[in-house]
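Structure first, then comments.
Readers should treat all values here as calculations from the given coordinates under stated rules, not as data from a laboratory. As the structure is a computational prediction, the values presented were derived from the model and not from experiment. Note: ideal-geometry Cβ built from the backbone for every residue, glycine included; neighbour counts use all protein chains shown.
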């Protein structure tokens, strides 16, 4: 396929390089999934793709197609599903990678091949064992091949911020001449500083021939906590695409957080007059969904989407808020899809009020899911005097995180205390049949998990057990996350209950259900792509 026919095959929507609009490129499903334990199923990726498209994210990097059959299928299905956003796949500089990526994105209305190669001396000498001239040849060959298969090609210089400036200029010029439409300058190891990063973009834009005809992109990692600051410095210096992930997940310390960059550009438009197309009221919904499917909780004081991002406890702050919310809030919680005042709900609340509360919290549930959530809400309201927004969020996220329920918790009784061993009497429903077991353990949670293992024998290893209180008080719900690993497959389960042991049992069983579902759709062991 020639470049001209590739243009016709994949409709592109790339703004001119002189535009003030900033393209938002989401890599949650690719770089974000490379966070240890953050693996997502195809179904979860499809749902996330719909959420990102609803947000009007410009580019969705859906995966690394050559990594595994599962990754290939996920990218292909997302390419079939998404119609407004550009669907992007990642490829190394080899022919096989690029052709596999082109095949995966072929159904997309707007498709992009994203190909990369390392350019820094650290990577050239110790990983690739290639000279700068070898790298430049590989850039030309890979971008040319990708451009002949797709009209929208992005090229990335892995570890760009530790690359000699003259080598980087030559690589970028080669990529532009070969037909790249977007040039990504990643801070792969989170090493650079905002003023340094801005200087790189200014140098490339001013000195590389053809730079005025492409989009320059940021991709920053957070090893020194500077990912968002560096990305914004890049935008100020002329970059017009930002590569980001929901909740900042990604390799090691993560990527620049989508929600932080988008809201920084929106709130501080006076200093950075570079708008995005993102519908910010969908941000909290996306954050909670990613947290639910990965099992990675959002820290309470996380900017924009944290539980305390719009909470005020100090009397001075509360007084100011009552007089004028602008005294202590630089944005409205409604602007990012967070509920306003944390209204208290209880056992006398009706279904209509519950539905409206869910809408305020960013959830749109079908009738069956609503009925199930409302029933669980009523059960919780009978146990607690006050049900807060975070209790309701935990209930809904618990349901979203569950797989097909081959195994369910029927009943649990635990004997615990100073005199061990602790003992658990557990009844599970397995494929419709009840089964009961008694087990002891080094503590009540260990006894519960041993009882599950008796009823459902398996070889999965427990990789994460995490408990945190959803709200304050002795009647607070415990939200439990469990991560299991078996034969390289990782599955996460979550559950919330006022009884910590019940939540623990249910979370473990949910993880098992998700693991069973993944075993039924097994794929070859995935490769690991670098996180730029």
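By counting other Cβ atoms within 10 Å of each Cβ, how are 281, 44 ranked from fewest to most?
Values: 281 16, 44 22.
With the fewest neighbours first, 281, 44 line up as 281, 44.
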By the mean-Cβ-within-10 Å protection proxy, highest first, 487-493, 174-180 rank as 174-180, 487-493
P(r) of the stretch 3-262 over all Cα-Cα pairs, binned every 5 Å from zero, in whole percent: 1, 7, 15, 19, 21, 19, 12, 5, 1, 0
Could you sort 412-421, 494-503 so that the peptide with the highest average Cβ count within 10 Å comes first and the rest follow in order? 494-503, 412-421
What ranking do 255-264, 457-466 get when scored by the average of other Cβ atoms within 10 Å per residue, highest first? 255-264, 457-466
One-quarter of the Cα convex hull surface for the stretch 155-246, in nm²? 5.2
Which whole-number percent of Cα pairs in the stretch 350-489 have a distance greater than 20 Å? 59
Average the reciprocal distances over every distinct pair of alpha-carbons in the stretch 120-203, invert the result, and give the Kirkwood radius in Å. 13.2
Note the angle between two axes, namely the Cα long axis of helix 165-178 and the longest principal axis of the Cα atoms of the chain, as a number of degrees from 0 to 90, rounded to the nearest 10. 90
Folded to 0 to 90 degrees: helix 283-294 orientation relative to the chain principal axis, Cα: 70
Relative contact order, percent, the chain [alpha-carbon distance under 8 Å, six or more residues apart]: 12
Rounded to a whole number, what is D in µm²/s for the stretch 61-104 from Stokes-Einstein with the Kirkwood radius over alpha-carbon pairs (25 °C, 0.890 mPa s)? 242
On a full-extension model of 0.36 nm per residue, what is the gain between residue 223 and residue 382, subtracting their alpha-carbon distance, rounded to one decimal in nm? 52.7 nm
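Once you have the alpha carbon radius of gyration of the stretch 455-504, what is it after dividing by 2.2 N^0.38 Å, with N set to its residue count?
Values: Rg = 12.8 Å, N = 50, 2.2 N^0.38 = 9.7 Å.
Normalised by 2.2 N^0.38 Å, the Cα Rg of the stretch 455-504 equals 1.32.
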Quick shape check on the stretch 407-520: root eigenvalues a ≥ b ≥ c of the Cα gyration tensor, a/c under 1.5 is rounded, otherwise prolate if a/b tops b/c, else oblate, and it reads oblate
The chain: Kirkwood hydrodynamic radius (Cα pairs, Å) comes out at 24.6
Cα-based convex hull volume of the stretch 67-157 per residue, rounded to whole Å³: 86
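Ratio of Rg to Rh for the stretch 85-136, alpha carbon only, Kirkwood? Show your work: numbers first, answer last.
Details: Rg = 13.7 Å, Rh = 12.2 Å.
Looking at the stretch 85-136, the ratio lands at 1.12.
Could you line up 52, 46 from fewest to most neighbouring Cβ atoms inside 10 Å?
Final ranking by Cβ density, sparse to dense: 46, 52.
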For residue 128 and residue 459, calculate 0.36 nm times their separation in residues minus their Cα-Cα distance, and state this gained length in nm to one decimal. 115.4 nm
Arrange the following residues from fewest to most other Cβ atoms within 10 Å of their Cβ: 25, 201. 201, 25
If you wrap a convex hull around the alpha carbons of the stretch 161-211, what volume per residue comes out, as a whole number of Å³? 71
Treating the angle as unsigned and between 0 and 90°, give the value, to the nearest 10°, between the Cα long axis of helix 42-54 and the longest Cα principal axis of the chain. 70
Whole-Å distance, taken between Cα centres, linking the stretch 156-193 and the stretch 15-72: 21
